[in-house]
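Visitor: My questions all concern the structure below.
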Amino acid sequence: MGAAPTIQLGPTEETQHVTEHATRDLLRLATAGSVDDGKSTLIGRLLYDTKSVLADQLSAVEAATLARGGGEVDLALLTDGLRAEREQGITIDVAYRYFSTATRAFVLADTPGHVQYTRNMVTGASTAELAIVLVDARKGVLEQTRRHATITALLRVPHVVLAVNKMDLVDFDEATFRAIADEFTGYALSLGIPDVTAVPLSALAGDNVVDRSTRTPWYDGPTLLEHLESVPVGRDALSEPFRFPVQVVIRPRTAEHPDYRGYAGRVASGVVSVGDEVTVLPSGKRSTVVGIDTFDGPLTEAHAPQSVTLRLADDVDVARGDVLVPTAATVDIGSDLEGTVCWLAEKRSVLGARLLVRVGTRTVRALLREVNARLDVDTLTVEAWDGVDTLHAVDATDTSSDIPPRALTLNAIGRVKIRLAEPIVLDEYSTHRRTGGFLLVDPADGTTLAAGMIGATLLDRLAPTSTAQDDDDWFAGAGI
Amino acid sequence: MSTVTLTQLDALESEGIHVMREVAGEFERPVLLFSGGKDSIVMLHLARKAFWPAPVPFALMHVDTGHNFPEVIEYRDRVVAEHGLRLVVASVQDAIDDGRVAERADGSRNPLQTVPLLDGITANKFDAVFGGGRRDEEKARAKERVFSLRDEFGQWDPRRQRPELWDLYNGRHKPGEHVRVFPLSNWTELDVWRYIEREQIELPAIYYSHQREVFLRDGMWLAPGGWGGPRANETLEVRTVRYRTVGDMSCTGAVESTASTIPEVITEVGASRLTERGATRADDRASEAAMEDRKREGYF
Ligand SMILES: Nc1nc2c(ncn2[C@@H]2O[C@H](COP(=O)(O)OP(=O)(O)OP(=O)(O)O)[C@@H](O)[C@H]2O)c(=O)[nH]1
Ligand SMILES: [Mg+2]
């Protein structure tokens with residue numbers, strides 16, 4: 001395995017076997033980690049070593065490498081496709097790339113490590129089922145590594161891989177790998193990330209990415225690709241209770257279907273069957289599912305994430321924004337939302353600001369009542385304060401540094417209380433990844449201000465004043 | 001608990017349908033860009049599925065360069081009639097006649113499509129515009145959001161893209177702005193073909209192997225036509241070809257191919273060493289950032 005990629009092109013074996021793909025599933029994954037730790041190079045390497053790079057893409061990357069002074073082919077250029085990214089040698093926005101093996105198709109989101117572009121990392125990680133957190137073996141775990149790990153934990157990305165990269169620069173030293181793996185695993189555990197798979201690799205040279213390295217005889221775990229092919233996918237959405245946010249009401253009013261009325265949407269989580277009793281929230285009206293329709297014919301059962309159209313027995317009032325849930329279940333609804341937010345906008349949070357909250361298919365008017373805690377990702381300590389902080393209800397345009405505002409600025413993670421104009425389903429994100437997320441949107445220009453998660457599990461557990469930490473073992477051993 | 005996992009194609013289809021229904025729920029006047037190419041045909045197929053048994057609740061728009069393959073126009077008109085759709089044509093020729101754009105020296109009208117496209121969006125007050133763009137097509141497209149905000153000049157600013165969280169697509173925009181929506185973002189060329197096979201979707205005949213008079217220019221087999229080819233030094237010859245993409249005749253090349261059925265095309269695409277745009281699009285070869293530059297100006 002040499003450092004310089006040898007030219008090896010053409011189809012992967014599997015692409016010739018059309019039939020195999022019929023049972024293939026889909027894994028979405030995202031990279032994370034500090035700037036220059038090798039995320040884009042790793043994605044390039046994965047694509048290259050699975051022979052997913054085509055001749056014209058490779059020659060374009062070779063030409064671009066040459067134009068930048070030559071040297072080895074820079075595989076990061078396979079994803080760093082914007083002019084500004086190539087000029088600066090960094091990733092600015094998420095790039096999505098695709099490849100597949102015989103058993104699985106992959107959607108790769110390569111995210112930027114630069115702190116300024118954290119919101120783009122949040123974008124890539126929000127839909128991921130697996131995050132690869134990269135660490136440069138020479139530098140170890142950095143603040144930005146911790147920030148990304150925290151975001152990964154907040155977003156509850158189900159699987160986390162630690163890729164200790166640039167092992168070629170530390171002579172493939174086992175002790176270096178172990179030390180980083182231990183430090184990161186400990187940190188991850190305190191964030192509630194239960195198990196981390198750590199792989200020593202070199203994205204540049206290809207060690208343990210697709211092909212097993214001969215330079216890490218002390219490592220007997222899987223290569224990165226072996227691991228990516230083996231993690232279970234799509235389980236979390238199925239194990240959560242049934243939720244069906246209504247997207248549109250289908251009313252053809254055609255000669256063929258004069259009275260048809262169906263509720264189109266995607267099963268966000270769980271399973272629904274014909275005959276199930278359902279409740280429409282927030283109205284609380286009840287009915288029974290009498291049909292699950294698709295263009296290809298009716299179904300008796302639908303599961304996440306299928307897009308279907310449901311018909312109900314009764315002529316109840318159902319509109320876009322409503323959520324169908326199982327009647328037997330207890331579901332929280334309310335107009336007071338407590339949540340954790342990751343602030344994504346340049347304008348800071350302003351107490352009393354009128355906002356829009358987008359949750360599921362519903363958008364409601366809202367008021368930001370409190371920002372009452374902030375998380376320091378470096379130390380994992382929570383700075384909490386009580387109630388409404390009128391003193392620091394600052395103006396978003398005020399950037400003077402002498403007021404220490406208890407506000408959230410770009411990339412900050414904090415706990416908020418929001419008053420809603422109408423009740424919504426309050427699914428805790430910690431147990432409902434598919435329905436517990438929300439956006440804060442500026443009604444003036446439509447800017448997405450923050451990514452929110454209903455509930456504040458992580459912050460509550462980390463806060464020293466919290467009483468909630470006793471009941472959860474994940475955090476008991478973390479020494480926080 | 002159920003243990004079913006959706007197959008990759010089912011997952012992609014479901015995601016595309018979800019995106020289309022979000023647009024129908026959030027926007028006043030959506031439109032679907034329909035070129036008669038395979039991606040827009042798959043998009044239309046998803047739209048029919050998304051709203052069934054109701055008809056597709058939006059119009060189609062074709063940006064017509066005037067350099068069309070006759071088979072594609074015939075297909076377009078037949079599909080529009082068959083499904084009772086409304087078709088808006090934004091014509092490059094009209095834009096040239098009005099002096100809004102000027103014919104280029106090289107005869108290619110591909111870059112000229114941006115102006116009639118944006119004018120068509122403005123004139124019809126379209127607020128959401130479905131495009132068949134896929135992230136795997138090109139490196140600037142790989143950076144595109146599913147919902148992509150365009151300012152009142154139709155411009156894309158890759159450094160100021162909104163974060164896009166979960167499946168909560170934020171389509172809010174100011175008057176005069178619009179949102180480009182890409183339901184096939186996560187599909188690859190092979191996914192599109194496998195889906196066409198699975199769903200037995202009819203395509204214009206030029207996607208399959210046929211005999212055609214072509215001539216070689218810049219390493220690509222171009223078909224003769226009123227657009228200005230061949231030149232005196234270029235010679236016509238009959239080749240067995242098919243098209244991998246469908247665009248303006250002046251810059252869409254044919255590939256030599258004997259693949260005349262969907263499975264044969266899938267085998268060919270799977271074995272190809274070139275990306276579809278690399279193999280067939282002169283416009284992307286212009287410079288390293290050709291697509292990014294066109295997208296910034298408001299191109300598809
Ligand atoms: N020696 C060595 N260098 C590496 C390795 N992986 C990446 N690099 C180099 O590290 C530098 C940064 O790599 P990138 O892949 O651009 O890093 P990144 O994490 O994507 O950076 P951002 O996206 O900007 O956060 C480049 O010069 C790479 O060639 C490795 O395994 N070994
Ligand atoms: Mg990068």
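Visitor: Among A:Lys51, B:Lys125, B:Lys295, B:Lys49, which comes first, then next, by fewest other beta-carbon atoms within 10 Å?
Guide: Result, fewest neighbours first: B:Lys125, A:Lys51, B:Lys49, B:Lys295.
Visitor: Another question, then. What FRET efficiency would be calculated for the residue pair A:Thr431, B:Leu274, taking the C-beta separation as r and a Förster radius of 41 Å, to the nearest 0.05?
Guide: For A:Thr431 and B:Leu274, the calculated efficiency is 0.30.
Visitor: Order these by the 10 Å Cβ neighbour count, fewest first: A:Ser230, A:Ser349, A:Ser202, A:Ser335.
Guide: A:Ser230, A:Ser335, A:Ser349, A:Ser202
Visitor: Regarding the stretch A:13-233, what are the three Cα extents along the principal axes, ordered largest first, in Å?
Guide: Ordered largest first, the stretch A:13-233 gives principal extents of 45, 44, 37 Å.
Visitor: Describe numerically, in nm with one decimal, the distance between label points set 7 Å from Cα along Cα→Cβ at A:Glu229 and at B:Thr261.
Guide: For the pair A:Glu229/B:Thr261, the computed spacing is 3.0 nm.
Visitor: May I pose another question? Running Debye on the stretch A:21-140 with equal point scatterers at the Cα sites and no solvent, what base-10 log of I(q)/I(0) appears at q = 0.11, 0.12, 0.14, 0.15 Å⁻¹?
Guide: For the stretch A:21-140, the Cα-only Debye profile gives -0.36, -0.43, -0.59, -0.67.
Visitor: Provide the FRET efficiency to the nearest 0.05 for the A:Gln116-A:Glu183 pair, computing r from the beta carbons and using R0 = 35 Å.
Guide: Step by step, r from the Cβ atoms, then E = 0.85.
Visitor: Could you calculate the contour length gain from B:Asp98 to B:Arg86, that is, 0.36 nm times the residue separation minus the distance between their Cα atoms, to one decimal place in nm?
Guide: Value of the extension gain: 1.9 nm.
Visitor: How far is the Cα center of the stretch A:84-138 from the Cα center of the stretch B:112-160, in Å?
Guide: 23
Visitor: Taking a quarter of the surface of the convex hull around the Cα atoms of the stretch B:204-285, what do you get in nm²?
Guide: Mean projected area of the Cα convex hull: 5.3 nm².
Visitor: More than 17 angstrom separation, counting every C-alpha pair in the stretch A:333-462; what % is that?
Guide: 55
Visitor: Calculate the translational D of the stretch B:8-190 in whole µm² s⁻¹ from Stokes-Einstein, where the hydrodynamic radius comes from the Kirkwood formula applied to all Cα pairs, the temperature is 25 °C and the viscosity 0.890 mPa s.
Guide: Translational D for this selection: 144 µm²/s.
Visitor: Sorted by average packing, counted as other Cβ atoms within 10 angstrom per residue and highest first, what order do A:208-218, B:8-18 take?
Guide: The peptides rank, most packed first, as B:8-18, A:208-218.
Visitor: Kindly rank B:33-39, A:190-196, A:366-372 from highest to lowest mean number of other beta carbons found within 10 Å of each residue.
Guide: In decreasing order of mean packing, B:33-39, A:190-196, A:366-372 become B:33-39, A:366-372, A:190-196.
Visitor: Sticking with this structure for a sec: Treat each spin label as a single point 7 Å out from the Cα along the C-beta direction, and report the A:Asp386 to B:Asp157 distance in nm.
Guide: 4.4
Visitor: Could you tell me the relative contact order of chain A? Use alpha-carbon pairs under 8 Å, at least six residues apart, and round to a whole percent.
Guide: Averaging sequence separation for qualifying contacts and normalising by length gives 12 percent for chain A.
Visitor: Please give the Cα centre distance for the stretch B:1-66 versus the stretch A:160-180, rounded to the nearest Å.
Guide: The stretch B:1-66 and the stretch A:160-180 have Cα centres separated by 45 Å.
Visitor: Send over the Kirkwood Rh of the stretch A:238-392, from the inverse of the averaged 1/r over different Cα pairs, rounded to one decimal Å.
Guide: Kirkwood radius, the stretch A:238-392: 18.2 Å.
Visitor: Using only Cα atoms, what Kirkwood radius does the stretch B:160-199 have, in angstroms?
Guide: Kirkwood hydrodynamic radius for the stretch B:160-199: 12.9 Å.
Visitor: State the Cα centre-to-centre distance between the stretch A:308-333 and the stretch A:194-251 in whole Å.
Guide: 34
Visitor: Please compute the contact order of the stretch A:333-462 in relative form: average sequence separation of alpha-carbon pairs under 8 Å and at least six residues apart, divided by the residue count, as a percent.
Guide: Over the stretch A:333-462, the number comes to 40 percent.
Visitor: What is the extension gain from A:Ser283 to A:Asp332, computed as 0.36 nm multiplied by their sequence separation minus the C-alpha to C-alpha distance, in nm to one decimal?
Guide: 16.4 nm
Visitor: Further question on the same structure: Please rank A:Asp460, A:Asp80, A:Asp336, fewest neighbouring Cβ atoms within 10 Å first, as an exposure proxy.
Guide: A:Asp336, A:Asp460, A:Asp80
Visitor: Only loop residues by DSSP count here, and only those with at most 12 other Cβ atoms within 10 Å; note down the GluC sites (Glu not before Pro) in the stretch A:244-350 that meet that.
Guide: A:Glu256, A:Glu346
Visitor: Out of all DSSP beta bridges in the protein assembly as shown, what portion is antiparallel? Express it as a percent rounded to 5.
Guide: Bridges in the protein assembly as shown are about 70 percent antiparallel.
Visitor: Sticking with this one: Tell me which of B:Val269, A:Ala268, B:Gly37 sits at the most positive position along the dipole axis of the protein assembly as shown, charges placed on C-beta atoms (Lys, Arg +1; Asp, Glu -1).
Guide: B:Gly37
Visitor: Residue by residue through A:439-446, how many Cβ atoms from other chains fall within 10 Å of the Cβ on average?
Guide: 4
Visitor: How far apart, in nm, are the 7 Å Cα→Cβ label points at B:Ile201 and A:Lys51?
Guide: 2.8
Visitor: Still on this model: One quarter of the convex hull surface, Cα atoms only: what value does that give for the protein assembly as shown in nm²?
Guide: Averaged projected hull area, Cα only: 33.8 nm².
Visitor: Ignore the peptide's own chain and count Cβ atoms of other chains within 10 Å of each Cβ in B:47-57; give me the average, rounded.
Guide: 5
Visitor: For A:Val290 and A:Asp195, calculate 0.36 nm times their separation in residues minus their Cα-Cα distance, and state this gained length in nm to one decimal.
Guide: Full extension from A:Val290 to A:Asp195 adds 30.0 nm.
Visitor: Averaged over A:90-98, how many beta carbons belonging to a partner chain fall within 10 Å of each residue's beta carbon?
Guide: Counting Cβ atoms of other protein chains within 10 Å of each residue's Cβ and averaging gives 6.
Visitor: Let me ask something additional. Which of the aspartates and glutamates could a cross-linker bridge to A:Lys139, judged by Cα under 16 Å and excluding same-chain residues fewer than eight apart?
Guide: Hits, sequence-local ones excluded: A:Asp36, A:Asp37, A:Asp168, A:Asp171, A:Asp173, A:Glu174, A:Asp182, A:Glu183, A:Asp378.
Visitor: A further question follows. Can you order the peptides A:35-42, A:289-296 by their average number of other Cβ atoms within 10 Å per residue, highest first?
Guide: A:35-42, A:289-296
Visitor: Reachable lysines from B:Lys295, Cα under 30 Å, same-chain residues fewer than 8 places away excluded?
Guide: A:Lys39, A:Lys51, A:Lys347, B:Lys38, B:Lys49, B:Lys125, B:Lys139, B:Lys143, B:Lys174
Coordinate-derived values only; no laboratory data. Keep in mind that this is a model prediction, so the values were computed, not measured. Quick reminder, even Gly has a Cβ in these numbers, built from the backbone with ideal geometry, and neighbours come from all protein chains shown.
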